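A.B. asks: Here it is, the structure in full.
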Amino acid sequence: MTQLFEPVGCKVDLQTGAMSDATGDYQKRFRDLEGLYADADAFSAMQAEWNDTVVYEVSEFRPNERSGDLIFGVTRMLPGKVGTEYFVTRGHIHRQADRPEIYYGQKGRGLMLMESPEGEIRVVEIDAQTVCYVPPYWIHRSVNVGDEELVMLFCYPADSGQDYDCIAKAGGMRARIVDDGKGGWKQVDNAGWRMRDAATIAALYGHQQKEETA
Ligand SMILES: O=P(O)(O)OC[C@H]1O[C@](O)(CO)[C@@H](O)[C@@H]1O
Ligand SMILES: [Fe+2]
């Protein structure tokens with residue numbers, strides 16, 4: 001017998017980034033983000049003041065993790081920079097890499113930094129009321145390039161999962177987003193980035209092949 005879930009209407013509080021009726025939330029503090037930024041000295045210098053500060057926070061509604069259902073929620077991220085590099089989320093590819101995601105800007109100025117398995121970079125600017133589509137197979141990371149909090153709604157298939165190793169093994173994402181010195185941002189190369197080998201790329205695309213032939 002089919003079990004019906006109860007519909008729900010969640011209110012987003014733009015000031016706090018909280019969402020009513022959330023089933024869970026998590027915080028990432030400055031100390032959790034070590035190693036993400038190019039300038040390790042700048043990171044260390046900020047630690048005394050910033051260590052316990054929540055840099056970003058996620059409030060989500062996760063009915064279950066079944067194929068066909070959706071997880072949605074709100075991410076709230078502080079403005080700031082480590083050296084010249086704007087604050088970022090850890091970033092990930094979906095464990096089921098063929099699963100997409102939608103982000104909807106609510107407040108602030110941000111962007112979605114995306115990288116294909118082969119290392120192509122795309123950037124989509126996300127201001128309030130911009131919807132960003134992250135297609136299947138793209139690694140994605142949010143960046144706050146504004147001077148106020150960035151609040152974005154997100155929604156993705158409930159069985160997507162998150163794989164963080166994909167970025168770590170490549171030495172980060174291929175591009176970094178830094179202050180351009182004119183109040184804006186620019187994209188620069190990450191000198192530590194290593195191209196994925198063919199087997200790793202095939203494995204990222206392979207999940208779907210397995211499903212299709214199953
Ligand atoms: O999971 P990360 O890379 O730390 O970033 C958090 C963001 O990504 C999500 O996991 C959604 O994919 C959200 O929770 C949030 O928008
Ligand atoms: Fe995601």
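Coordinate-derived values only; no laboratory data. The model shown is predicted, which means the values in this text are computed figures rather than measured ones. Every residue, glycine as well, gets a Cβ built from its backbone with ideal geometry; the counts of neighbours run over all protein chains shown.
A.B. asks: Using the scaling law 2.2 N^0.38 Å as the reference, what is the normalised Cα Rg of the chain?
C.D. replies: 1.04
A.B. asks: If each residue's Cβ is checked for other Cβ atoms within 10 Å, how do GLU149, GLU6 rank with the fewest at the top?
C.D. replies: GLU6, GLU149
A.B. asks: 5 Å is the cut-off here: which amide hydrogens, built 1.01 Å from N in the peptide plane, fall below it relative to ASP127, excluding neighbours closer than 5 in sequence?
C.D. replies: Result for ASP127 returns GLY110.
A.B. asks: Considering the Cα trace of region 59-158, what is its radius of gyration and what is Dmax, both in angstroms?
C.D. replies: Values for region 59-158 (Cα only, Rg and Dmax): 13.4, 42 Å.
A.B. asks: Enumerate the calculated ³J(HN,Hα) couplings along region 116-121 in order (Karplus 6.51 cos²θ - 1.76 cosθ + 1.60, θ = phi - 60°), each rounded to whole Hz, writing x wherever the residue is Gly or Pro.
C.D. replies: After applying 6.51 cos²θ - 1.76 cosθ + 1.60, I find 7, x, 7, x, 6, 10 Hz.
A.B. asks: With θ taken as phi - 60° and the coefficients 6.51, -1.76 and 1.60, list the Karplus ³J(HN,Hα) couplings across region 142-151 in order, rounded to whole Hz; mark glycine and proline as x.
C.D. replies: Result, ordered by residue: 8, 10, 8, 9, x, 10, 10, 4, 9, 10 Hz.
A.B. asks: Residue by residue through region 158-166, what is 3J(HN,Hα) from phi via Karplus (6.51 cos²θ - 1.76 cosθ + 1.60, θ = phi - 60°)? Round to whole Hz and write x for glycine and proline.
C.D. replies: Result, rounded to whole Hz: 5, 9, 5, x, 10, 10, 9, 5, 4.
A.B. asks: While we're looking at this one, here's another question. Please arrange MET19, MET46, MET195 by counting, for each residue, the other beta carbons lying within 10 Å of its beta carbon, fewest first.
C.D. replies: MET195, MET46, MET19
A.B. asks: Reachable lysines from LYS81, Cα under 23 Å, same-chain residues fewer than 8 places away excluded?
C.D. replies: Qualifying lysines at Cα under 23 Å: LYS28, LYS107, LYS182, LYS186.
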